[in-house]
Structures are given as structure tokens and as C-alpha cells.
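A quick write-up on the structure given underneath.
The values are calculated or read from the model by the stated rules, or taken from the named source; none is laboratory data. Here the structure is a predicted model, which is why all the values come from computation and not from measurement. Note that each Cβ is placed from the backbone with ideal geometry, even for glycine, and that neighbours are counted across all protein chains shown.
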């Protein structure tokens with residue numbers, strides 16, 4: 001059994017029976033049938049949503065130390081800015 005937070009109040013069997021009876025008498029809170037449970041689909045998908053952009057591929061590239069230091073000094077997102085600069089270069093230059 002999982003550990004409960006301090007101060008958690010667990011109803012007694014009598015209290016649980018009263019709560020269950022009250023819930024069962026509520027027409028808006030009727031339990032689902034087996035067929036209804038089969039039709040239930042999750043509303044939330046876990047994990048990162050699918051990307052609409054091309055997949056990024058990890059690679060290794062060698063920069064001069066001063067160039068790399070300047071790129072990193074530009075702050076958070078420097079790799080994204082380098083990627084955008086490379087994308088612009090590729091658009092304006094033909095592959096050789």
C-alpha cells in the first residue's frame with residue numbers, strides 16, 4: 001500500500017458505506033458499465049507531442065575555441081541560433 005500524506009483521514013467502513021450509498025443514489029454519478037469502460041479513450045496523451053519540424057540529429061562539430069566561447073557567451077539558446085544561421089546559409093548556397 002502506498003504511503004499516505006500526514007493527516008490523511010481514511011473513512012471507517014461505516015462512513016465508506018454511507019458515502020457509497022449517497023454516490024449510488026445520485027443519477028448523475030452512476031458507475032460505468034463494462035461496455036462503457038471499453039469505449040473510454042484517454043483524454044491526455046503523455047510525453048512530448050509530435051514535432052511538426054524535421055527531427056534534429058545529434059552530431060559533433062569542431063569550432064575554434066574563440067568562436068565557441070563567443071557563441072556560448074551569447075546566452076541560452078545559442079545552439080538554436082547556430083542552427084538557424086546554418087539553415088539560412090544552406091538556403092542561399094548550393095550544395096557542392
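Scan region 59-71 and give yes if some residue there is within 30 Å of the chain's Cα centre (by Cα), part of a helix (DSSP H, G or I) and surrounded by 10 or more Cβ atoms within 10 Å (Cβ to Cβ), otherwise no. There is at least one residue in region 59-71 that is within 30 Å of the chain's Cα centre (by Cα), part of a helix (DSSP H, G or I) and surrounded by 10 or more Cβ atoms within 10 Å (Cβ to Cβ).
Residue-wise test of (1) exposed (fewer than 10 other Cβ atoms within 10 Å of the Cβ); (2) within 32 Å of the chain's Cα centre (by Cα); (3) modelled with pLDDT of 85 or more.
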{"residue": "3", "(1), (2), (3)": "yes, yes, yes"}
{"residue": "19", "(1), (2), (3)": "no, no, yes"}
{"residue": "35", "(1), (2), (3)": "yes, yes, yes"}
{"residue": "43", "(1), (2), (3)": "yes, yes, no"}
{"residue": "55", "(1), (2), (3)": "yes, yes, no"}
{"residue": "85", "(1), (2), (3)": "no, yes, yes"}
{"residue": "93", "(1), (2), (3)": "yes, no, yes"}
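Of all residue pairs spaced 6 or more apart or on separate chains, none has beta-carbon atoms under 7 Å together with a first member in region 58-84 that is touching a residue at least 40 places away in the same chain (Cβ under 8 Å) and a second member that is assigned to a helix (DSSP H, G or I).
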